[in-house]
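Laboratory data are not the source of any read-out in this text; all were calculated from the coordinates shown. Being a predicted model, the structure only gives us computed values, none of them experimental. A quick note on method: Cβ atoms are made from the backbone with ideal geometry, for glycine too, and the neighbour counts reach across all protein chains shown.
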Amino acid sequence: MAIPPGRAAAVIGVVLVASILQRVSGFGFALVATSLLALAMPVSDAVVILSFVSIPSTTLTWRQLGDHADSAQLRRLIAWTLPGLPLGLIVHATVPDRPMRLILALVILLAVALLVTGWSVPVRHVAVADAAAGFVAGVLNTSTGTNGPPLVFDLASQGVGPDRMRATLSGVFAFSGVATVALFAVEGSLDAKALVIGATAMPFAVVGQLIGTRVSARVSEPMFRRMTFVLLVATATSTGVKALFF
């Protein structure tokens, strides 16, 4: 199946940059990649392709940093993310895109405001917070393609450090990514064209992850936290702009 060279080049370039960002910050792949690819293809197509492409890089990050994760917390997040995935497909098919994105943007901004004020999850409520964040991330993954914010908010509000956050996020993304692609395949969204484009871009996702590994070693914890806030605000802004103007 022939893919237009311009579209293939756009996907490769976007995936490379987004993979570097995700390795450095722990999330942001969907934010950058979906927003840019939406200029070249329908958002629904971009979400399916990127779900497929991201699996190798998130898995590689998980293999590199897995020892830094709290295994009990990771299992809890994955266990609650997976049941949210099929519900996200239903939400995507039944709820209008615009109001959903506006609500998501406002919720992310509220989360950022809480983090800035120093709000934290009480220790006795950590398991409940993980369950809520995991489930919401699962729903958002298949409905909007942006599943990072609730997980980042959950971990940041617990004071989780950079390596543990990257490890935990990559573990959740790797497991939920495989499940998401399987659901898209069953649903019929993962067609031959998406597979060809995804397979073409996959090696560049891995290259971006390797470059990001070198860059992340130079990122201090204060810089990491600032980057986290900036990406959350950028996610909210991008989501709100899409809802209002596209």
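Note on L106 and V43: with the Förster distance fixed at 22 Å, the Cβ-Cβ geometry gives a FRET efficiency of about 0.65. Only helical runs count toward this figure. For the chain, summing -39,500 (n - 2.57) over DSSP H runs of n ≥ 4 and dividing by all residues gives -28000 deg cm²/dmol at 222 nm. Note on region 14-142: with charges restricted to the Cβ of Lys and Arg (+1) and Asp and Glu (-1), its dipole about the Cα centre is near 100 debye.
For the chain, hydrophobic long helices are taken as DSSP H runs at least 27 Å long by C-alpha position along their axis with mean Kyte-Doolittle hydropathy of 0.5 or more; these are 5-25, 43-65, 71-94, 97-116, 162-187, 192-216, 221-245. The Cβ shell under 12 Å around W62 holds other residues with a net charge of +2, Lys and Arg each +1, Asp and Glu each -1. Taking the Cα centre of the chain as the origin, how large is its charge dipole in debye, to the nearest 20, when only Lys and Arg (+1) and Asp and Glu (-1) carry charge on their Cβ atoms? For the chain, the charge dipole is close to 380 debye.
The percentage of C-alpha pairs in region 145-238 whose separation is greater than 22 Å is 42%. Legend: translational diffusion of the chain by Stokes-Einstein, Rh = Kirkwood radius over C-alpha pairs, 20 °C, 1.002 mPa s; D = 121 µm²/s. Here the Kirkwood formula, the inverse mean of 1/r across different C-alpha pairs, assigns region 72-212 a hydrodynamic radius of 16.2 Å. Each of the peptides 159-172, 75-88 was scored by the mean count of other Cβ atoms within 10 Å over its residues; in descending order, highest first, they stand as 159-172, 75-88. Out of L85, F153, V47, whose Cα points farthest toward the positive end of the dipole of the chain (charges: +1 Lys, Arg; -1 Asp, Glu; placed on Cβ)? In the chain, that residue is F153. Binning all Cα-Cα separations of region 64-125 at 10 Å, short to long from zero, yields these whole-percent fractions: 16, 27, 41, 16, 0. Here the extension length gained between A127 and T237 equals 36.7 nm, from 0.36 nm per residue of separation less the Cα-Cα distance.
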